[in-house]
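The values are calculated or read from the model by the stated rules, or taken from the named source; none is laboratory data. Fair warning: this is a prediction, and the values are worked out from it, not measured in the lab. Here Cβ is always computed from backbone atoms with ideal geometry, including for glycine, and neighbour counts include all displayed protein chains. Each accessible area value is taken on the protein alone, full model and side chains, heavy atoms only, with ligands, DNA and RNA left out. Shrake-Rupley method; radii C 1.70, N 1.55, O 1.52, S 1.80 Å.
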Amino acid sequence: MSAEDGDTPGVIKRFLFVNRKAPYGTIYALEALEVVLISAAFDQDVSLAFLDDGVYQVLAGNDPSGIGMKNFSPTYRALDDYDITKLYVERESLQERGLPEDGFVVPVSVVSRAEMAAIMSQQDVVLSF
Amino acid sequence: MLHTVNKSPFASPTLTQCVGHLTDGAAVLLIEDAVVGATEGTASGALLAKCLKTHPVYVLRPDLMARGIGEGRLVKGVQCVDYAGFVTLVTEHDAVQSWL
């Protein structure tokens with residue numbers, strides 16, 4: 001983006017990618033992951049939020065081989081290579097679904113709904129999937 | 001933060017999920033099918049009435065009109081905006097979050 005567009009080159013913004021849908025039923029989860037990886041190329045301050053049915057995206061042991069789809073869980077492990085380490089999972093969403101607070105495919109921070117709301121409010125850009 | 005919701009609360013829990021994540025200074029704008037939830041005498045209407053005590057709630061008028069909902073049926077305190085008002089709301093908040 002050029003300076004004429006009004007954006008100063010080199011500015012780092014806080015980006016939050018909000019994931020609220022279960023994987024494999026729709027393309028949202030995979031598309032979000034693709035965009036997150038693209039964003040890593042722009043040296044921005046990136047965080048990922050997993051809440052509501054989005055918590056199913058980061059569970060360990062997802063196996064979609066029986067439905068003929070590629071398992072993209074291992075891709076979450078690549079995020080660390082791009083210095084994307086701020087992954088937040090909402091505790092209340094886990095509880096509502098009878099899920100434990102461990103057993104994720106990558107290290108995540110489990111936060112309360114109030115904490116998640118605060119994280120959301122601190123962002124410059126929120127992208128929802 | 002301006003939160004937008006576009007799903008009917010009678011078909012999706014999105015509005016409830018959104019309202020559960022509001023912080024100081026946040027506003028809610030109902031667009032597309034979500035506008036049906038702003039009517040008085042409904043479960044979502046009660047949710048919005050409670051929400052209105054702490055946060056402004058807006059509804060996009062063209063979407064209301066498209067669905068035959070008169071402004072007189074809205075929960076008291078819900079404000080109608082047109083597309084220009086939508087743009088103004090976006091400029092008045094530091095960020096927008098879409099609850100898809």
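Worth pointing out:
- Protein-protein interface of the range B:69-100, residues with accessible area decrease of at least 50 Å², isolated chain reference, 1.4 Å probe: B:Q97, B:L100
- A 1.4 Å probe run over the protein chains yields, for the protein assembly as shown, 49 Å² of accessible area per residue, whole-number rounding.
- The C-alpha atoms of chain A define a longest principal axis, and helix A:28-39 lies at about 40 degrees to it.
- Working from label points 7 Å from Cα in the Cα-to-Cβ sense, the A:D124 to B:E92 distance is 2.5 nm.
- Three-way shape label, the range A:13-128, alpha-carbon gyration tensor, a/c 1.5: oblate
- Estimated dipole of the range A:13-128 in Debye, rounded to 20 [Cβ of Lys and Arg +1, of Asp and Glu -1, Cα centre]: 160
- Per residue of A:36-48, other chain Cβ atoms within 10 Å of the residue Cβ number 0 on average.
- Longest segment of chain B lacking trypsin sites (Lys or Arg not before Pro) that sit in a DSSP loop with at most 10 other Cβ atoms within 10 Å: B:1-52
- Taking every residue in A:117-128 and counting other chain Cβ atoms within 10 Å of its Cβ, the average works out to 5.
- Dipole of chain B, positive end: most advanced residue of B:P9, B:V87, B:A66 [Cβ charges, Cα centre]: B:P9
- Here's the picture: charge each Lys and Arg Cβ at +1 and each Asp and Glu Cβ at -1 in the range A:13-128, and of A:Y76, A:G25, A:V46 the one pushed furthest to the positive end of that dipole is A:G25.
- Centroid-to-centroid, using Cα positions, the range B:39-55 and the range A:99-123 are 27 Å apart.
- Shape of the range B:22-100, Cα gyration tensor, a/c cut at 1.5: oblate
- The trypsin sites (Lys or Arg not before Pro) of the range A:1-100 that meet both conditions, a loop assignment by DSSP and at most 16 other Cβ atoms within 10 Å of the site Cβ, are A:K13, A:K70, A:R77, A:R97.
- Here chain B is assigned +1 on the Cβ of each Lys and Arg and -1 on the Cβ of each Asp and Glu. Its dipole about the Cα centre then comes out at about 320 debye.
- The range B:23-80 - charge dipole about Cα centre, Lys and Arg +1 at Cβ, Asp and Glu -1, debye rounded to 20: 200
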